[in-house]
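Notes to accompany the following structure.
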Amino acid sequence: MRTTLSSLTRRVAALHTPRFRGISTEQKSLNFDDTVSSFQNRSTFELWRAYMVLRLCQVKVLTNNARALYDFGNRVSPRLTEWALRKTFFGHFCAGIDQQDIGPVTARLQSAGLGSILDYAAEADVKSDGDADIRENLTFTVPSTDERDHSQARTYDYESEAECDANVEIFKSCIDSAARTTDGFAAIKMTALGKPELLQHITNVLQEARRDFRKLIVESEMRSQQTSPPDGLDKAWTRSDGAPFIKRSESRSPMSGKGWDIPDQFYLDSAVTYDMFLESVLRSNIAVTEDQAKDAFVSMDKDGNGAVDYHEWLDSLDMHRLAESKSSVYMRTSFLSSAELDQLYNMTRRADLLGEYAAARKINLMVDAEQTYMQPAIDQQVLQMQRIHNKEEGYIYNTYQCYLRDAFPRVAVDFLRAEREGFKFAAKLVRGAYMFQERDRAKELGYKDPVHADLDATHRNYDAVVARLISMVPRTGCRLMIASHNEVSINKAVQLLREHQIENDVFFGQLLGMCDHVSYMLGSHGLKAYKYVPYGPVNEVMPYLIRRAEENSDMLGGATREIQLTWNELKRRHFG
């Protein structure tokens, strides 16, 4: 077993769960100003380090040039640079370089009523040469059955495949560790199981399929209203005056809103008929017969009602069908190459194995969110795992980043799908971790910024999603982890939990070194609170540390208050 991993993103997690103290019958209010209670398990040295690190995160020249400063330090003296980081930023945000280092940290958290998620925090992204794939549609060939049979047995054709297999063994060992606890959690990152560029290409395929469905629905509705379809159907759904291009039709699909307010998602209440599908296929000049097109339509029409709704359409492009090369009749150009289909087959095999391994041990498995240009592919894989393992209990969690404009509709669509298909919805809600990357990429490639325009909009979106899902817990038993550092959001959530009397049914999570006063206060009130405890070699966790510094500079808006609370406690300890 390797002691370090490189190349791809790896995040390894095993959760050590404490004995939660139970909810007090008094239901005392959460007083986050009570630094005596919040910091009683923190040493004075740790508080001084926290104060210094968080103050330094406020210095823009440092956070904006963190990578350059790290590289310069390594050129001058690698040993001195690592020593300085371990005493400061690394020491504050990470527990150590390996599992042997982190024992004292997890023991201290457990004594305070908190769980610990051991998180191997090395990170990677798609290579820059993959960016071109966003700009144009790529046409690839689909391998034959003989090629598929041969490729399953051949050796890996690029070195990171072997590393992905090694990551599976690491994840399995962490699931085993979590199995020794109550309410055990483990977390995986899909880019540890497959090539990031592959996830990006699959996302292109899925996005094109979604555009095709919307276009078919709009064209049909416009014809029925004897109106000319607008240009750019895949980009604009309303006129400049804000009025809809088409009227919202009566629901022809079982996937209607059901009380969820989903702006501009009219296509959820619509479905594609066989005539619409055939006409579009023939118009696209795809080399298929009418019988082949009919077979493809019937395979998509799972309920046999003669119409394919939005989810049936996307389900026809699920990861397993793509991996087995069964997708042959679609109005899209972004097919996967033979090599990518091989990699996809391996990635789905690894993810399925981990889902089965966790569910068999009754462990909750959280799949981390990643960048938007990979997320739809990740969502599709998580969906396949949830359908299998969330029938009785919600073992497989997807992660939703609520700083994204489409977060609420995505949660709504996935929740309604789970209800429709009879499996438990399970979600971890975060504000988001890739804002700078997302905005830089959107600007560079010329598409709309997917992140909310300001922090207040992100807060409103996050609170709306949390409130909606909490209200669903009593009726549906859906599983929810509220991963937030925002005091206002947490207080709102706790109040809602008390109103619904489900304090023991929802989890809270925060990162080590961020909003520790919130975590310890939740633990002291018997709520199920957990800390992500990252670890790994200093050089490999630098992307993680840089993101922590960036978030504490201005994104989350909570660092200034945490600095003040830490200073208040230091003054109390030193001067009474």
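What percent does the relative contact order of segment 411-466 come to when contacts are Cα pairs within less than 8 Å and at least six residues apart?
Dividing the mean separation by the residue count of segment 411-466 yields 29 percent.
Highest mean first, what order results for 526-537, 403-414 on Cβ atoms within 10 Å?
Most protected by this proxy first, the peptides run 526-537, 403-414.
R0 = 41 Å: FRET efficiency of R561 with Q100, Cβ-based, nearest 0.05?
Approximately 0.75, to the nearest 0.05.
Can you give the relative contact order of segment 459-576 as a percent, counting alpha carbon pairs under 8 Å and 6+ residues apart?
20
What list of ³J(HN,Hα) values in whole Hz, one per residue of segment 445-460 in order, does the Karplus curve 6.51 cos²θ - 1.76 cosθ + 1.60 (θ = phi - 60°) give from phi, with Gly and Pro shown as x?
3J(HN,Hα) across segment 445-460, in whole Hz: 9, x, 10, 5, 4, x, 8, 3, 5, 8, 5, 4, 5, 5, 4, 4.
Step through the table entries K60/K189; K60/K428; K492/K531, compare each Cα-Cα distance with 22 Å, and write down the pairs that go over it.
K60/K189; K60/K428
On the full set of protein chains, 1.4 Å probe, figure out the accessible area of R387 and give it in Å² to the nearest 10.
That residue has around 40 Å² of solvent-accessible surface.
Volume per residue, Å³, of the convex hull around the alpha-carbon atoms of segment 348-396?
Output value, Cα hull per residue: 65 Å³.
Kirkwood Rh over alpha-carbon pairs of segment 379-432, then Stokes-Einstein at 20 °C and 1.002 mPa s: what D in µm² s⁻¹, rounded to an integer?
For these conditions, the coefficient is 192 µm²/s.
Round to the nearest 0.05 the FRET efficiency obtained for A162 and S337 when R0 = 22 Å and r is the Cβ-Cβ distance.
0.60
Could you report segment 438-576's accessible area per residue, 1.4 Å probe, as an integer in Å²?
So segment 438-576 comes to 36 Å² accessible per residue, rounded to a whole number.
Once amide H atoms are placed 1.01 Å from N in the peptide plane, what residues at a sequence separation of 5 or more from V272, or on another chain, have their amide H within under 5 Å of its amide H?
Those lying under 5 Å, H to H, from V272 are V308, D309.
Expected output is a single nm value to one decimal: the length gained when fully extending between D456 and S284, i.e. 0.36 nm times separation in residues minus the C-alpha distance. What is it?
Difference between extended and current length: 57.5 nm.
For segment 487-576, state the semi-axes of the equivalent ellipsoid (square roots of 5 times the eigenvalues of the alpha-carbon gyration tensor), sorted largest first and rounded to whole angstrom.
Sorted largest first and rounded, they come to 25, 20, 13 Å.
Could you give me the ³J(HN,Hα) list for segment 487-498, computed from phi with Karplus coefficients 6.51, -1.76, 1.60 and θ = phi - 60°, whole Hz, x at Gly and Pro?
4, 5, 4, 5, 4, 4, 5, 4, 4, 5, 4, 5
Return the distance in nm (one decimal) between the two label points of a simple spin-label model at M52 and R572, each offset 7 Å from Cα along Cα→Cβ.
Each label point lies 7 Å from its Cα, and together they span 2.3 nm.
Amide H of G526: which non-local residues (sequence gap of 5 or more, or other chain) have their own amide H closer than 5 Å, using H built in the peptide plane?
R21
In percent, what relative contact order does segment 354-507 have, based on Cα pairs under 8 Å that are 6 or more apart in sequence?
21
If you scale each eigenvalue of the Cα gyration tensor by 5 and take the root, what three semi-axes come out for segment 355-479, rounded to whole angstrom and sorted largest first?
Whole-Å semi-axes of the equivalent ellipsoid: 27, 17, 11.
Would you please give the residues with an amide H less than 5 Å from that of L511, counting only those at least 5 places away or on a separate chain, with H modeled from the backbone geometry?
HN-HN under 5 Å from L511: Y532.
At 0.36 nm per residue, minus the direct Cα-Cα distance, what do Q40 and R468 gain on full extension? Give it in nm, one decimal, please.
Stretched fully, the Q40-R468 segment lengthens by 150.6 nm.
The values are calculated or read from the model by the stated rules, or taken from the named source; none is laboratory data. For clarity, every value in this text was computed on a predicted model and none was experimentally measured. Counting neighbours? That spans all protein chains shown, and the Cβs are built from the backbone with ideal geometry, glycine included. Note: areas computed on protein heavy atoms with side chains; ligands, DNA, RNA excluded. Shrake-Rupley method; radii C 1.70, N 1.55, O 1.52, S 1.80 Å.
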